[in-house]
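Just below is one structure, and these are the notes that go with it.
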Amino acid sequence: MAALLRRLLLSLSLLLAAAATAPGATAAAARLSTTYYSRSCPRVEQIVSDVVTAKQQANPSTAAGTLRLFFHDCFVSGCDASVLVSPLSTDRSPERAAEINLSLPGDAFDAVARAKAALEAACPGTVSCADILALAARDLVGILGGPRFPVYLGRRDARRSEATDVEGNLPRTNMSARAMAVLFARKGITPREMVALAGAHTVGFSHCSEFAHRVYGDRSGPDGYDPALNPAFARALRSSCAGYERDPTLSIFNDIVTPSVFDELYFKNLPRGLGLLASDAALWEYAPTRVFVQRYADNRTAFFNDFAAAMQRLGTVGVKTGRQGVVRRQCDLLD
């Protein structure tokens, strides 16, 4: 009875959080279109694709970094390129200066900057940085073997970027699945979409400091590591991350099986105790999200379809259109 009551209370909290999504944001999202630049910049998608493909070939970490950049942008003040503003370009501290954003990779910012420069040469003052980031994320998923899907365009860029807006709007690596579900619901994203988006961890890496608490001195297990971890995996992590306090750049692939391929192996790893972050493992441990983990582990097509739909939903979070924003001439500068 108590478990049923907890599930009912969680369902109610998710509904209330989803209902709190600003109606203005929903109206703005409805104005996005796959043909937004068909007349003003008809080659926009090809130009972005060409640039990010070359960048990925030169720097293979670009794809995972750009996916993370897109997520961090959308979840704070909406998909408005506010995370791209450089701390060197303003007297105030922009989102990029927030502690959780300091590890966002430079290659991702560079990919967007290069695409913007190419588009300014072809279609000056036309394509927003927010749209470039959305297109780049989609294209890079495809390059790694993931799904391709239509990207709705017409976002405007933010006029402001504040580091103080970040805290409380991005999930932490030690969050429970229930807490993440509530946070995502505030953005209008369902638990199913949340788990699908977590599948982005099938590529990329995490710094040892983000999961060190699971492998060093964890008191919940007799061996000093999180008992949810596969024992051999835990020992390997201890060895690989031994010097992380002296070298904060030490990192481990999120998916140790196929780290450079966008596939369903991330989900297959979770029941085996091979989820790197505590927030990864939490998706398997929590019944309402475990069902989706199992579905995607068993069916790549189901994962790809749901990931594509979830990325489209993510791309509408808090968007600005028309006079709500601007088209910045340079992505790291506020106009």
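The values are calculated or read from the model by the stated rules, or taken from the named source; none is laboratory data. This is a predicted model, so every value here is computed, not measured. Cβ placement follows ideal geometry from the backbone for every residue including glycine, while neighbour counts extend to all protein chains displayed. Accessible surface areas use protein heavy atoms only, side chains included; no ligands, DNA or RNA. Shrake-Rupley method; radii C 1.70, N 1.55, O 1.52, S 1.80 Å.
For the chain, take the longest principal axis of its alpha carbons; what is the angle in degrees between that and the long axis of helix 62-77, to the nearest 10 within 0 to 90? Taking Cα atoms only, the helix is inclined about 80 degrees. A straight Cα-to-Cα reach below 19 Å connects residue 55 with the lysines 116, residues fewer than 8 places away in its own chain not being considered.
For the chain, what is the accessible area per residue in Å², given a 1.4 Å probe and the full set of protein chains?
45 Å²
Measuring nothing but protein heavy atoms, the accessible surface of the chain at 1.4 Å probe radius is 55 percent carbon and sulfur. If I fit a long axis through the Cα atoms of helix 287-298 and take the longest principal axis of the Cα atoms of the chain, what angle between them do I get, 0 to 90°, rounded to 10? Here the helix axis deviates by roughly 80 degrees. Would you give the gap between the C-alpha center of the stretch 292-306 and the C-alpha center of the stretch 105-174, rounded to a whole Å? Between the Cα centre of the stretch 292-306 and that of the stretch 105-174, the gap is 26 Å. For the stretch 248-289, the residues whose amide N sits under 14 Å from a probe point set 7 Å from the Cα of residue 103 along the beta carbon direction are 248-255, 276-280.
Compute the long axis of helix 2-19 from its Cα atoms, compare it with the longest principal axis of the Cα atoms of the chain, and write down the angle in degrees, 0 to 90, nearest 10. Its long axis makes an angle of about 10 degrees. Farthest toward the positive end of the dipole of the stretch 251-335, out of 254, 314, 302, is the Cα of 314, where the dipole comes from beta carbon charges about the Cα centre. For residue 146, the amide hydrogen comes within under 5 Å of the amide hydrogens of 262, counting only partners 5 or more places away or on other chains and with H modelled in the peptide plane.
In summary, the lysines within cross-link reach of residue 187, defined as a Cα separation below 25 angstrom excluding same-chain residues under 8 places away, comprise 320.
Computed across the stretch 127-284, the Kirkwood radius stands at 17.4 Å (inverse of mean 1/r, all Cα pairs).
Working from label points 7 Å from Cα in the Cα-to-Cβ sense, the residue 117 to residue 165 distance is 2.7 nm. Here the simple spin-label model places points 7 Å from the Cα toward Cβ, and for residue 223 and residue 92 these points are separated by 5.0 nm. For the stretch 311-324, the Karplus equation 6.51 cos²θ - 1.76 cosθ + 1.60, evaluated at θ = phi - 60°, returns couplings of 5, 5, 5, 4, x, 9, 5, x, 5, 10, 10, x, 7, 5 Hz by residue, with Gly and Pro reported as x.
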